[in-house]
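The values are calculated or read from the model by the stated rules, or taken from the named source; none is laboratory data. Nothing here was measured: the structure is a model prediction, and the numbers come from that model. Heads up, the Cβs are rebuilt from the backbone with ideal geometry, glycines too, and the neighbour counts pull from every protein chain shown. Heads up: the accessible areas ignore ligands, DNA and RNA and are worked out on the full protein's heavy atoms, side chains in. Shrake-Rupley method; radii C 1.70, N 1.55, O 1.52, S 1.80 Å.
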Amino acid sequence: VIYFYDREEPQLQKVASFAESAYDDISRALNFQIPKPINIIYYGTHSEFEQTNTMPGFLPENIGAFALPTRNRMVLPIDVPDAGLQKLISHELTHVFQFEILFGGNFIRAYTSGAPQWLTEGMASYFASDEDSRDKMVLRDAVLSDRVPEISQRGIYGFFAYRFGHAVFDFIAAEWGKDAVRDF
């Protein structure tokens, strides 16, 4: 189910197509179907997105989009190039899949699980293929300066959680195949 302002209707077909394509790819990769409709709320600009009332509190500028899996909802701006929009949708949709697969759609189970951010964001980054050369450079620098954390380490947050987690999933896929990502 897609929600948008009337003036953004010309973008509806593109957003729907990207979302359906991402759903098919992730669903096939994880061998899982989401049992209920997924809501997408899109805004024409990042400025409008920052003013959303779909999440309580202030939305920081560095948030590009977000998923509220407990409400089966993704919220995003669409004023990015098409390739970026496809990646943004794939990334947030991965979070909806994670919530259903890992926690059975149960908020309390998700909240108390303590799933590391590198795992959730890294997997979303992996399925979105949203890593660029700058991201790889930062990770290479971390390896060369011996700043790569142990996989069991807690407290890996922010930018590095995305990059470290993505690298873990790349490694799993390279070593044991893409099916191993699903089984991880």
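Of all residues in the range 80-113 being within 9 Å of the chain's Cα centre (by Cα) and hydrophobic (A, V, I, L, M, F, W, C), which is nearest to Gln13 (Cα to Cα)?
Selected residue: Ile89.
Of all residues in the range 152-183 being outside any helix (DSSP H, G or I) and without any contact (Cβ under 8 Å) to a residue 24 or more places away in the chain, which is least open to solvent (accessible area, probe 1.4 Å)?
Ranking the qualifying residues of the range 152-183, first place goes to Gly177.
Out of Ile40, Ile34, report the one residue that is open to solvent by less than 60 Å² (accessible area, probe 1.4 Å), within 26 Å of Arg182 (Cα to Cα) and assigned to a strand (DSSP E or B).
Ile40
For the range 94-150, what are the residues that are among the charged types (D, E, K, R), outside any helix (DSSP H, G or I) and over 23 Å from Phe66 (Cα atoms)?
Listed by number, the residues that qualify are Asp146, Arg147, Glu150.
Looking at Glu61, is it in a helix (DSSP H, G or I), acidic (Asp, Glu) and out of contact with any Lys or Arg (no Cβ under 7 Å at 6 or more places or on another chain)?
no
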